[in-house]
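Encoded as C-alpha cells, the structure appears first; notes follow it.
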Amino acid sequence: MNALIIAAMISFSPGKGDTGLGLIAGNPTGISFKHFTSVTTAFDAAAAWSFTDEWVMVHGDYLWHSFGDIEVEKGQLPWYYGLGAWVAFGEEDTFVGGRVPLGIEYLFAHNDIDMFLEVAPGLSIVPDTDFFIDAAIGVRFFF
C-alpha cells in the first residue's frame, strides 16, 4: 500500500474525528458539514443563504480526495473533486440542479480543524436550465 495512503489512514483513525461542522462564507454563506467515509472519500453538505439573490440553498456532495500531491510541513493539504446536487428555495421559485465541487483543504495536525477553499460550477435544471459558479471559503471543527 502507498505510504501516503497509510499516513492518511493513521490520521483518520478512531478518536481523531472524521466528522466536521463549521461555517462556509461566500456565495452562499451558512453552515457546513463533512464526514469522511473512508481515507480518501467524504460526504459534505451545507445549508446556506444568498445575501444577493434572497434564497436559501441546501447542497450535498460526494467527494474524492488526493493526499500527497501537495506537501506541507505540518498537517495535510489534499485537493478534492466531487459530484453533488442542490436545492434552492426563493421567494417565488424552487430551483434544483447539480454541481461539481473542486477544492483544496488544509487539515491541521491532529485533524481537529480544517480550512477549505472551493469552487463549484453547476447547472440549474428546474425551473429552467442555467449555468452558474459558486465559490466559498470555510472552516470546520472535527469531532
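Taking Trp55, is it touching a residue at least 12 places away in the same chain (Cβ under 8 Å) and in contact with a Ser or Thr (Cβ under 8 Å, 6 or more places away or on another chain)?
On the way: touching a residue at least 12 places away in the same chain (Cβ under 8 Å): yes; in contact with a Ser or Thr (Cβ under 8 Å, 6 or more places away or on another chain): no.
The answer is no for Trp55.
Quick grid of which residues meet (1) touching a His at 6+ places or on another chain (Cβ under 6 Å); (2) under 17 Å from Ile137 (Cβ atoms); (3) assigned to a loop (DSSP other than H, G, I, E, B):
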site	(1), (2), (3)
Gly20	no, yes, no
Gly26	no, yes, no
Lys34	no, yes, no
Ser38	no, no, yes
Phe43	yes, no, no
Ala48	no, yes, no
Val58	no, no, no
Glu73	no, no, yes
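May I ask you to list the residues in segment 61-71 that are open to solvent by 40 Å² or more (accessible area, probe 1.4 Å), among the charged types (D, E, K, R) and outside any loop (DSSP other than H, G, I, E, B)?
As a first pass, look at segment 61-71 and keep what is open to solvent by 40 Å² or more (accessible area, probe 1.4 Å): 62, 64, 69-71.
From the residues that got through so far, the ones that are among the charged types (D, E, K, R) too are 69, 71.
Once the filter is applied, which keeps residues that are open to solvent by 40 Å² or more (accessible area, probe 1.4 Å), among the charged types (D, E, K, R) and outside any loop (DSSP other than H, G, I, E, B), segment 61-71 yields nothing.
Count, please, the residues in segment 127-143 that happen to be surrounded by fewer than 14 Cβ atoms within 10 Å (Cβ to Cβ) and more than 17 Å from Gly60 (Cα to Cα).
7
For Leu83, only one of the following conditions fails: (1) over 25 Å from Thr52 (Cβ atoms); (2) in a strand (DSSP E or B); (3) open to solvent by less than 40 Å² (accessible area, probe 1.4 Å). What is its number?
The one condition Leu83 does not meet is (3).
For Thr52, only one of the following conditions fails: (1) at pLDDT below 95; (2) surrounded by 13 or more Cβ atoms within 10 Å (Cβ to Cβ); (3) closer than 25 Å to Ile133 by Cα. What is its number?
Among (1) at pLDDT below 95; (2) surrounded by 13 or more Cβ atoms within 10 Å (Cβ to Cβ); (3) closer than 25 Å to Ile133 by Cα, the lone unmet condition for Thr52 is (2).
Go through segment 86-123 and give me each residue that's of a type outside the set (Phe, Trp, Tyr), modelled with pLDDT of 95 or more, buried (at least 17 other Cβ atoms within 10 Å of the Cβ) and closer than 20 Å to Thr52 by Cβ.
Selection gives Gly97, Arg99, Glu118, Ala120, Gly122.
Okay, residues lined up against (1) aliphatic (A, V, I, L, M); (2) in contact with an Asp or Glu (Cβ under 8 Å, 6 or more places away or on another chain):
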{"position": "Leu83", "(1), (2)": "yes, yes"}
{"position": "Val87", "(1), (2)": "yes, no"}
{"position": "Glu105", "(1), (2)": "no, yes"}
{"position": "Phe108", "(1), (2)": "no, yes"}
{"position": "Phe131", "(1), (2)": "no, no"}
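Mind telling me which of the residues Ala120, Ala85 ends up being farther than 17 Å from Ala25 by Cβ and within 17 Å of the chain's Cα centre (by Cα)?
Working: Ala120 fails: farther than 17 Å from Ala25 by Cβ.
Every option except Ala85 fails the conditions.
The values are calculated or read from the model by the stated rules, or taken from the named source; none is laboratory data. All values derive from a computational prediction rather than experimental measurement. FYI the Cβ positions are ideal-geometry reconstructions off the backbone, even for glycines, and counts take in every protein chain you see. Accessible surface is based on the protein model in full, side chains and every heavy atom, while ligands, DNA and RNA are left aside. Shrake-Rupley method; radii C 1.70, N 1.55, O 1.52, S 1.80 Å.
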